[in-house]
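A.B. asks: Before I ask anything, let me first share the structure, which is written out below as structure tokens.
Values in this text are rule-based calculations from the coordinates and carry no lab data. On a predicted model such as this, the values are computed, not experimentally measured, just so you know. Using ideal geometry, Cβ is built from the backbone for each residue, glycine included, and neighbour counts are taken over all protein chains shown.
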Amino acid sequence: MISVVLADDHAVVRQGLRALLESDPQFMVVGEAADGLEAVELVRRRKPTVLIADLIMSGLDGLATTQKVSRLKSVTRVIILSMYGDQAYVLEALRSGAAGYVVKESCGAELFKALRVVVAGGRYLSPAVSEASIGSFSSMGTILQKAQAGSMEVHDKLTARERTVLQFVVEGTSSRDIGARLRISSRKVESHRAELMRKLGLNTHQDLIRYALQRGVIPKGEPKPARNGAHGPNGTKRKRKDICPPAQHRN
């Protein structure tokens, strides 16, 4: 029996994941958490085989949660479940100690595969994420090699929440609207903005935007999950065998 704790600040997502996992008798959901701190406490008490955590949660985000779970010296393996397929997020997840990274548009079969891989001691990346990353890091090796190398640029040290705030800042979103979308106060948004400036050694709002776009800290468009057909460096669509079986229809 593989025990699982679910961490996501949306109840309907947790309910859907629970229903999916418990459709297979090999898996048992032993706890649900609406935020990172609650997830860490559940891991400490329940000692699940796997923690499935959303990347962006109110309070403690998925990456900070992963780091805290790692410090518990727990046997629990962490899979980050995210709507974002951008390389920067995946790299940060791996560096935080995650054993797997699955994009939310994946099918149930892929999540089950990820669970079995990490339980067996391996690392799992959604195929679309893997392909996109390998293409982008062709001169430096794969995303796993980059994560394991441990060499970090200044912007690699940004947390997932700081990177998300930076994304909204570049898009011209006000602090009030950022707070509403992330369900945090405007004051907290300003705190994140100030910490971004400090970490990056910048002085003005314009410097922050210029730095983000020039260094490729965030994509120039809205972050989107990697699609099944990842594109290679020359713009051609890379084909892969989909691990998700076609839908079965009954007459």
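A.B. asks: Sort 110-121, 197-208, 8-19, 81-92 by packing, meaning the average of other beta carbons within 10 Å per residue, with the highest value first.
C.D. replies: 81-92, 110-121, 8-19, 197-208
A.B. asks: Between R71 and K199, what length in nm is gained on full extension when 0.36 nm per residue of separation is reduced by their alpha carbon distance?
C.D. replies: Additional length available on full extension: 43.7 nm.
A.B. asks: With a Förster radius of 51 Å, plug the Cβ-Cβ distance of M1 and R181 into 1/(1 + (r/R0)^6) and report the FRET value to the nearest 0.05.
C.D. replies: 0.85
A.B. asks: Let me know the charge dipole size of region 2-149 about its Cα centre in debye, to the nearest 20, where only the beta-carbon of Lys, Arg (+1) and Asp, Glu (-1) is charged.
C.D. replies: Dipole magnitude for region 2-149 comes out near 700 debye.
A.B. asks: Using a 7 Å offset from the Cα along the Cα-to-Cβ direction at both S191 and S23, what is the distance between the two label points in nm, to one decimal?
C.D. replies: The two pseudo-label positions are separated by 4.1 nm.
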